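Here the structure is laid out as structure tokens; the discussion comes afterwards.
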Amino acid sequence: MNQPLPDSNREAPKQRAGVDRRALLIGGGALALVAVGAATLGQRRASAAAARPLRVGRTGKGGYDSIMNAAKIQNPDLRVQYSDFSSGHLQVEAFNGGSLDFGGVSEIPPVFAAASSIQSFRQIAIVNADVNNQVILVPGKSEIRTLADLKGKKVGYVRATTAQYFLIQMLASVGLTWNDIEPISLNVADGTAAFSRGSLDAWAIYGFPIQRALANDGARILKTALGFLSGNYLVAAHVDALKDPALSKAIGDYLILCKRAFAWQSQHWEQWSEVLAKEIDVPLTYVQEQIRGRSAPTTLLPVSESAITSQQRVADVFFKAGLVPKRVDVRPLWDNRFNSVIEQMS
């Protein structure tokens, strides 16, 4: 007797339903895994961004980090990677090249940047400091005795820095112009060599090359920049670092370390001078003399209208001298978001 065949059409819906339920369960699990994976990847990327060190520029020896080390001031949670530059305008170039997050410049290099098409940094604070460490040097036996004696002479300077600015202002103070001298643009290293071998009649320079020239070359200071410079040195940060929450926090943390370091320095000049003399390899007496003759202690200040006005005056001087192609407005370069951090430390 023939047995009836199974009704395959009645069984199929149950099988499909089972398959569909399994597919949904498997698919939902896969989606959940994808979501967890995406969240984990996002966390890893955020952690990587937070873990990247703050890239800080320093100009020569005796900078922020040297004072922090001498004072034993540190933040163990802050990672910093330092790069050395011989002048502020090279730091501006590094900002524009995207290789720097934080740096210190004078009022002058940003003026040249403002006259160009690229300004990838903002000025976030002011370091007010000594201007007697910015001078015009002449050889010890030089017949040059006054600023007026610079007429027709070979004068070295570092382009787009305080050296160029105070040289312009000093010449103007005795009725001379840029065209009345033979200006020779040299970086710090080349200027040091040229002055040492007697290739310059005078040298407009800043910082510790002064002490080295006094000690090693028997140089003489013709004039300091007191009365010609504001004493404002600007703290700058890359625009991308300011947009990044982790790096922006690191910048604020580093500013706190700077302010603490400057306060220590003001109270420990003798100890600092000993550290500095060893670091720059100059006899202690020369460093002590420079420190005793400082025009002001080093202090960290918030962005202010007076600082903006001061830099605008500098920009106008360069424009009037024909050294920048157009009149520039420096105000867009400033950012006061860290003012509250700096003021809270006062």
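The values are calculated or read from the model by the stated rules, or taken from the named source; none is laboratory data. All values reported here derive from a predicted model rather than from experimental measurement. Every residue, glycine as well, gets a Cβ built from its backbone with ideal geometry; the counts of neighbours run over all protein chains shown.
A few points about this structure:
Per-residue answers, yes or no, for (1) out of contact with any His (no Cβ under 9 Å at 6 or more places or on another chain); (2) at pLDDT 95 or above; (3) surrounded by 10 or more Cβ atoms within 10 Å (Cβ to Cβ):
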position: 33; (1), (2), (3): yes, no, yes
position: 52; (1), (2), (3): yes, no, yes
position: 55; (1), (2), (3): no, yes, yes
position: 59; (1), (2), (3): yes, no, yes
position: 81; (1), (2), (3): yes, yes, yes
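- Filter pass, residue 140 being part of a strand (DSSP E or B), touching a residue at least 12 places away in the same chain (Cβ under 8 Å) and of a type in the set (Gly, Ala, Ser): no
- Comparison of 234, 300, 255 shows that the only residue that is on the phi < 0 side of the Ramachandran plot and assigned to a helix (DSSP H, G or I) is 255.
- Test: residue in region 258-272 that is within 24 Å of residue 137 (Cβ to Cβ) and either buried (at least 19 other Cβ atoms within 10 Å of the Cβ) or of a type in the set (D, E, K, R) (or both): yes
- Looking across region 216-227, the residues that are touching a residue at least 40 places away in the same chain (Cβ under 8 Å) and either part of a strand (DSSP E or B) or surrounded by fewer than 20 Cβ atoms within 10 Å (Cβ to Cβ) (or both) come down to 217, 218, 220, 221, 222, 223, 224, 226.
- A single entry from 230, 196 fulfils the requirement of being without any contact (Cβ under 8 Å) to a residue 60 or more places away in the chain and polar (S, T, N, Q): 196.
- Here residue 285 clears all of (1) touching a residue at least 40 places away in the same chain (Cβ under 8 Å); (2) over 23 Å from the mean Cα position of the chain (by Cα); (3) assigned to a helix (DSSP H, G or I) except the condition numbered (1).
- Restricting region 128-181 to residues that are β-branched (Val, Ile, Thr) and under 9 Å from residue 225 (Cβ atoms), the residue that is farthest from the chain's Cα centre (by Cα): 136
- Residue list for region 91-118, restricted to those being under 12 Å from the mean Cα position of the chain (by Cα) and crowded, with 23+ Cβ neighbours inside 10 Å: 91, 92, 95, 100, 101, 102, 103, 105, 106, 107, 109, 110
- So residue 229, is it of a type in the set (A, V, I, L, M), under 30 Å from residue 149 (Cβ atoms) and at pLDDT 95 or above: yes
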